[in-house]
Amino acid sequence: MLDTLFNPKSVAIIGASQKALSIGNVITRNLLRYEFKGPIYPINPKADEICGLKAYPSVLEVTGDIDVAHISIPAKFAPMAIDECGKKGIKFVIINSAGFKEVGPEGEAIEKETVARAKTHGIRVFGPNCQGIINTDPDVKAYCDFTFTFPEPGHVSIVAQSGGVGAVFMQNIHDLEVGMRFYASNGNACDISIPEILRYYGEDEGTRVIILYVEGFSDPKEFMEAAREVAAKKPILAMRAGRSQEGAKAAVSHTGGLVGVGLSTELIFKKTGILTFTDQEEMCQAAMAFASQPIPRGNRVGLITDTGGPAIIATDALVEAGMKIPPLSEKAKDVLKEKLYPEASVHNPIDVLATGQAPHWRAAMDVLMEEDQVDSVYINFVTPPFVDCESVAKEMAEVSKQRKKPIVCNYMTDKPQWTGTTEILKSGNIPRYDYAEMAAKALAALSRYNDMCSRETGEVVHFDDVDRDTAQKILQGAKQTGRKNLSASDVYTLLGAYRIPAADWRMASNPEEAGKFAAEIGFPVVIKADSEEIVHKSDVGGVKVNLQDAKAVKSAAAEMEKKFGPKGLRFFVQKFMPGGKEVIIGAKAEPGLGHTVMFGLGGIMVELMKDVSFELTPIASGEAKEMLTSIKSYPLLSGFRGDKGVDREKLAEVIQRVSQLVTELPEIQEMDLNPIIAYEDRVFVVDARIIIS
Ligand code: ADP
Ligand code: MG
């Protein structure tokens, strides 16, 4: 659908100007400088000629067709300009001018008017308040943008909400001597959206890797659908912006309060298969590898080096990035023994020695390309002045062109002296890195994409044994009484309706009844003060555990009555569950998205260590399992030093049931099961809290 926008055969600039520092002038010059392949029509009623091109008073005076028109005149004239474009039959406009939604209600009204008029003419609008698009295709060469980097053709495509960030990425990619395919920064995105651009890049054969920068989502669901579809076909790399609370605040004020910055952005990225980065340089370095290298089948790396120390640093960096350095097979070692110098190391890393010649390097590379136990190749290449490095590079380039397994190279040299060698590596599309850590992280990113593609998320299970009607009635009832923080009996009845296992309980209205119910449940029991005011019960002495008989229950209840006063106070009697492990499951509404669900181990592990995992609803079976396994203290759940561990199947099921519960009852704002007591073969909720809107 966006084909004409990205491949225009002719471009007009409404607001082209002689003034060197005006947007219209910069765009005209950029199109000329980038040698746009079609006609360029500057539109300006007050000029005959702009940048050496014939200028027209209006698009209607242009005789040829116009595929794309820039609008770089003040916002208030945009609707009028759209009408003229409509008359001319133009299908795409890029509104570079600012002064729309981002400036307040007045600008928002102009933006609405502009979109409405564009619709009547069947015009698609890119922007406003944006840079534009670039297509590097030598047959097109469209620089419909006012930035300053002139990229070489290649396979990286960038889409950025913020032009500032997008332009930095483009410049960084350019500095790495990596070619680009498309660039798009669509600012306010009043019509053409990031999901739409992503889909277009997804379809584009020339795009091998996509760099994405978003700060928020106007329609998170649509974004997720598009991202999931595209990420399955090719890697999408994205920065997680708004990670800190301060950063999230900056993003909210920047984007005017769109949905989903911070944690939910990261969860959206994870759920859709976008590779997330927190470091711009690392992301661009990874893009370099994705642009030229195939995706590895796993994380096992074979290293080749001609220098000892850097290979140690590389090995550390790879392992820290989650990669494995497997031993080589006997067969591989035999070949290496035969083909390398006798002093060479035939283990992993393979050391061809500083004096290693082209045939030695080639033999080592061929061995790793054939080796079943290795998924990718890491080259540690220092250019010894006593070796014919160009011949070495030629062998590397040749092997790289076979595209059997990905190769990255930590290239240690004085570039101005070794230009010939550098050029050969470049011609072989070998990504070259100045530091071992960069090369390691780039290779790890390729492997991460492979993991993502083979990630088993499973199905979203629908539990049809739940009693949604009862649950809805409870919420209805609470709403009628104006209660936001549900009573304990409501909470536990609701959990029961969703078959989330809880310790046996009764709700008593006086100490006498508490004693009677305790006997029914069977000792030992726990009693808890229940009233709307008390939130953290144990903090205020509202929990008494391990009560052995009715007398103990009655006196504990009487004590609570003294402390809190009898008004509105009830006594929650519960089976005492000793000896299990405490875990927490929580859920929180995310407007426009559903809910985030949290899992962690109870007590200090959550509060002090922040050792928790998150996922967005709806949670599939594999995702629920991943929530358990991804916390650092997972060994405490799976069993450690003779300990049997807990019922992880059941915990994963509770996570999924919670996911279904909050999805079917979206008025739930917050839900905390804290703690759930988990045993080897069972789990029980012993404390739960639900807040509704
Ligand atoms: P709150 O979180 O409001 O302070 P809880 O009901 O979570 O109150 O009780 C506090 C702690 O007491 C729990 O974290 C748990 O360690 C323990 N506890 C509560 N109920 C039980 C129970 N039924 N069996 C065993 N321990 C319990
Ligand atoms: Mg609690």
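Over the range 506-576, what is the relative contact order in whole percent, taking alpha-carbon pairs under 8 Å and six or more residues apart? If you can, show how the numbers build up before the last one.
Values: 123 pairs, mean separation 37.4, N = 71.
Relative contact order for the range 506-576 comes out at 53 percent.
Convex hull volume of the C-alpha atoms in the chain, normalised per residue: 186 Å³. Ordering 391, 449, 304 by the projection of their Cα atoms onto the charge dipole of the range 294-453, which places +1 on the Cβ of Lys and Arg and -1 on the Cβ of Asp and Glu, puts 449 at the extreme positive end. Near residue 303, the amide H atoms lying under 5 Å from its own belong to 350, 378; only residues 5 or more places off or on other chains count, and H is placed 1.01 Å from N.
Since only 40, 14, 74 are under comparison, the one whose Cα sits farthest along the positive direction of the charge dipole of the range 11-118, derived from C-beta charges on Lys, Arg, Asp and Glu, is 40.
Report relative contact order for the range 380-448 in percent, whole number only (criteria: Cα-Cα under 8 Å, sequence separation at least 6). If you can, show how the numbers build up before the last one.
Working: 74 pairs, mean separation 26.4, N = 69.
Computed value for the range 380-448: 38 percent relative contact order.
The H on the amide N of residue 433, modeled in the peptide plane, is under 5 Å from the matching H of 409, 410, 411, each at least 5 residues off or on a different chain.
Ligands, DNA and RNA excluded, the heavy atoms of residue 149 present near 0 Å² of accessible surface to a 1.4 Å solvent probe. Each residue of the range 335-341 is assigned a 3J(HN,Hα), and the resulting list reads 4, 5, 4, 6, 9, 9, 4 Hz, derived from the Karplus form 6.51 cos²θ - 1.76 cosθ + 1.60 (θ = phi - 60°), x at Gly and Pro.
Please state the shape class of the range 520-595: rounded when a/c is under 1.5, otherwise prolate if a/b exceeds b/c and oblate if not, all from the C-alpha gyration tensor. Write out the running numbers ahead of the final one.
Values: a/c = 2.87, a/b = 1.50, b/c = 1.91.
Oblate shape, in that a/c is at least 1.5 and b/c is the bigger or equal ratio.
For the range 541-693, the per residue solvent-accessible surface stands at 44 Å², with DNA, RNA and ligands left out and a 1.4 Å probe.
For the chain, with all protein chains in place and a probe radius of 1.4 Å, 51% of the accessible heavy-atom surface sits on carbon or sulfur.
Could you work out the relative contact order of the chain? I mean the mean sequence separation of Cα pairs under 8 Å and 6+ apart, divided by the number of residues, in percent. Present the calculation step by step, with values, prior to reporting the outcome.
Numbers: 1465 pairs, mean separation 53.6, N = 693.
Once normalised by length, the contact order is 8 percent.
What's the longest bit of the chain with no exposed GluC sites (Glu not before Pro), using DSSP loop states and at most 15 other Cβ atoms within 10 Å as the test?
36-176
Beta bridges from DSSP with both residues in the chain: antiparallel share about 50 percent, rounded to the nearest 5. For the range 147-292, the equivalent ellipsoid built from the Cα gyration tensor has semi-axes of 22, 17, 14 Å, listed from largest to smallest.
Can you tell me the dipole magnitude for the chain around its Cα centre, using point charges on the Cβ only (Lys, Arg +1; Asp, Glu -1), in Debye to the nearest 20? Don't skip to the answer; put the middle values down first.
Working: 78 positive and 93 negative charges, 206 e Å.
Approximately 1000 debye in magnitude.
Residue-wise HN-Hα couplings along the range 23-33, as the Karplus relation 6.51 cos²θ - 1.76 cosθ + 1.60 with θ = phi - 60° gives them from phi, are 4, x, 6, 4, 5, 4, 5, 4, 4, 5, 5 Hz; Gly and Pro carry x. Per-residue Karplus couplings for the range 216-224, computed as 6.51 cos²θ - 1.76 cosθ + 1.60 with θ equal to phi - 60°, are listed in order as x, 10, 7, 9, x, 5, 5, 4, 5 Hz, Gly and Pro entered as x.
When the charge dipole of the chain is built from unit charges on Cβ atoms (+1 for Lys and Arg, -1 for Asp and Glu) and taken about the Cα centre, the candidate among 557, 207, 115 whose Cα reaches farthest toward its positive end is 557.
Shape class for the range 563-690: oblate, because the ratio a/c of the largest to smallest gyration tensor axis (alpha-carbon atoms, square roots of eigenvalues) is 1.5 or more and b/c is at least a/b.
For the range 272-321, the square roots of the Cα gyration tensor eigenvalues, ordered a ≥ b ≥ c, give a/c of at least 1.5 with a/b greater than b/c, which places it in the prolate category. Between the C-alpha center of the range 459-515 and that of the range 352-400 there is a gap of 66 Å. For residue 473, a cut-off of 23 angstrom between C-alpha atoms picks up these lysines, skipping any fewer than 8 places away in its own chain: 484, 588. More than 26 angstrom separation, counting every C-alpha pair in the range 294-453; what % is that? So the pairs more than 26 Å apart make up 17 percent of the total in the range 294-453.
To the nearest µm²/s, what D does Stokes-Einstein give for the range 402-488 at 37 °C and 0.692 mPa s, using the Kirkwood radius over alpha carbon pairs as Rh?
Details: Rh = 19.0 Å.
Diffusion coefficient, whole number: 173 µm²/s.
Just how large is the dipole of the range 294-453 about the Cα centre, in debye to the nearest 20, putting +1 at every Lys and Arg Cβ and -1 at every Asp and Glu Cβ? If you can, show how the numbers build up before the last one.
On the way: 18 positive and 22 negative charges, 101 e Å.
In debye, rounded to 20, the range 294-453 gives about 480.
Under 5 Å from the amide H of residue 383 lie the amide H atoms of 412, each residue being 5 or more positions distant or on a separate chain, with H modelled from the backbone and absent for Pro and chain starts. Using a cut-off of 31 Å between Cα atoms, the listed pairs 479/567; 101/441; 101/479; 88/112; 479/551 include 101/441; 101/479; 479/551 as exceeding that distance.
The values are calculated or read from the model by the stated rules, or taken from the named source; none is laboratory data. Computed from a prediction, not measured in an experiment: that's the story for all the values here. Heads up, the Cβs are rebuilt from the backbone with ideal geometry, glycines too, and the neighbour counts pull from every protein chain shown. Protein only, heavy atoms only, side chains kept; ligands, DNA and RNA dropped before computing areas. Shrake-Rupley method; radii C 1.70, N 1.55, O 1.52, S 1.80 Å.
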